[in-house]
Amino acid sequence: MAQRYTADDFDSDAHVGPAEALQRLKEGNRIYVEALDHERDLSPERIRDLFERGQKPFATVITCADSRVVPEHIFMAGLGELFVVRVAGNVVGPLEAASAVYACAHLHTRLLLVLGHTHCGAIKAALEGEAGPVAPLTERIATAIGNERDPYQASVRNAQAAMADLRSVDELAALERQGDLAIAGAIYHTHCGVVDFL
Ligand SMILES: [Zn+2]
């Protein structure tokens, strides 16, 4: 039987350091892979408490909009624990970057994780040269993956490109330089739930 965690076990406090935040995600994923369900505190009291005390998420995650890639489940997190930005292909454009700045500079999350995944439809579309209405995504991804044709390595390159895009934002680069932020990458294996941290 997988161990059950309550909200208090991971009660988020501001200034959770980058290494500890990463450890929490790794531990959460280890539990997720073997878990049969995911029960967290969604009570009216928890909702009200988070409203009154404000949110203090311990990590920011930028990931794909794929319905199988749900950070709160993948890392066994509850309300108020993760600041999540989702967009197909986990690309980082101006809106995603601004969201990351809000989370890191104002909410003080000290880990910024780009989470790509295998069997990503957006990456497949980019590999196949799809254009038209999806071009804003596929063109950006195609640039990121270059001549890579292996789907897993393409997802790695795409995540690394998103990390580079985040590091090109002055506020985020300054935070990372000061040791107040770590920008990391990871790939979620869609078939089994395991996260590879890059
Ligand atoms: Zn995807």
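Across the stretch 55-92, what is the total count of residues that are of a type in the set (S, T, N, Q), out of contact with any Phe, Trp or Tyr (no Cβ under 8 Å at 6 or more places or on another chain) and buried (at least 18 other Cβ atoms within 10 Å of the Cβ)? Total meeting the criteria: 1. Take the conditions modelled with pLDDT of 95 or more, open to solvent by 10 Å² or more (accessible area, probe 1.4 Å), more than 12 Å from the ligand (Cβ to nearest atom) and assigned to a helix (DSSP H, G or I) and apply them to A161. Does it pass? Taking the combined requirement at face value, the residue satisfies it. Selection of the stretch 93-116 for residues being crowded, with 22+ Cβ neighbours inside 10 Å and either hydroxyl-bearing (S, T, Y) or within 14 Å of the ligand (Cβ to nearest atom) (or both) yields T109, V114, L115, G116. Is it true that T138 is of a type in the set (S, T, N, Q) and within 16 Å of the ligand (Cβ to nearest atom)? Here the answer is yes, as T138 does meet what is asked. Scanning the stretch 125-151 for residues being assigned to a helix (DSSP H, G or I) and surrounded by fewer than 16 Cβ atoms within 10 Å (Cβ to Cβ) gives a total of 7.
The values are calculated or read from the model by the stated rules, or taken from the named source; none is laboratory data. Please read these numbers as outputs of a predicted model, since none were measured by experiment. Cβ atoms come from the backbone with ideal geometry, glycine included; neighbour counts cover every protein chain shown. Ligands, DNA and RNA are excluded from the accessible area calculation, which covers all protein heavy atoms including side chains. Shrake-Rupley method; radii C 1.70, N 1.55, O 1.52, S 1.80 Å.
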